[in-house]
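Throughout, read-outs are computed from the coordinates displayed, never taken from laboratory work. Just so you know, these numbers come straight off a predicted model, no measurement behind them. Cβ coordinates were reconstructed from backbone atoms using ideal geometry, including for glycine residues, and neighbour counts include every protein chain displayed.
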Amino acid sequence: MNAFRAGQDAKAIDAARELMQLVDDARTRYGDRLDWSDEGPALWRRARETTGSDDLARELTDAISQHAYRKHWAHTVLGLLACKSGDLNGAVGHLLASAEIRPDYRLSSYGPSLDLLREICTSGQWEDGLEYLHRWERMWGDLRVRDWIAAVNERRLPGDDPE
């Protein structure tokens with residue numbers, strides 16, 4: 001995101017592609033275990049039972065967390081770059097893919113990035129923005145998402161104060 005914000009598109013795309021490679025590598029190694037919906041102690045128990053050791057369980061739970069975080073941010077940056085180049089369909093695809101995750105502790109605390117969402121909505125794709133937010137609503141219990149949905153329903157950008 002910093003490279004994108006600084007206008008260093010080549011560095012931004014390289015970083016996002018590197019993240020996506022890590023996402024793909026994790027998928028190859030861990031498969032559908034990356035999609036487990038368990039949290040906290042339940043996740044640890046399942047990982048421990050599946051792997052048979054504390055070290056391997058720690059590795060797996062870290063991979064689950066990193067996978068979500070990396071996938072969300074890689075698609076966010078790639079979507080912003082697609083928007084910038086005029087590829088709105090590609091940007092929407094990245095927006096929706098960035099929500100096809102199981103939030104890790106960082107995303108659960110701070111929520112999804114609104115940067116690409118705001119760009120998509122600014123381009124007139126309000127329904128795609130709503131779809132993104134509804135996906136987050138199904139997996140993230142934070143009340144902020146309801147405020148963002150209300151804003152987009154009213155054709156306001158999330159985070160903007162009502163007039």
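Annotations for the structure displayed:
- Gap separating the Cα centres of segment 108-163 and segment 1-34, nearest whole Å: 23 Å
- Helix-only [θ]222 nm of the chain, DSSP H runs n ≥ 4, -39500 (n - 2.57) each, per residue, nearest 500: -22500 deg cm²/dmol
- In degrees, nearest ten, helix 88-97 long axis to first principal axis of the chain (Cα): 30 degrees
- Cα centre as origin, Lys/Arg/Asp/Glu Cβ charges: segment 2-153 dipole, Debye: 180 debye
- Sequence of Thr61, Thr50 once ranked by neighbouring C-beta atoms within 10 Å, starting from the fewest: Thr50, Thr61
- When Ile120, Ile13, Ile149 are arranged by Cβ crowding within 10 Å, least crowded first, meaning fewest neighbours, the order is Ile13, Ile149, Ile120.
- Positive-pole candidate from Ser85, Ser108, Gly124, dipole of segment 69-124, charges at beta carbon: Ser108
- To the nearest ten degrees, helix 54-84 and the longest principal axis of the Cα atoms of the chain are 20 degrees apart.
- Spin-label zone in segment 76-109 - amide nitrogen under 12 Å from a point set 7 Å from the Cα of Arg144 along the C-beta vector: 106-109
- Relative contact order (%) - the chain, alpha-carbon pairs under 8 angstrom, separation at least six: 18 percent
- Helix 9-30 vs. the chain, principal-axis angle (Cα, 0 to 90°, nearest 10): 30 degrees
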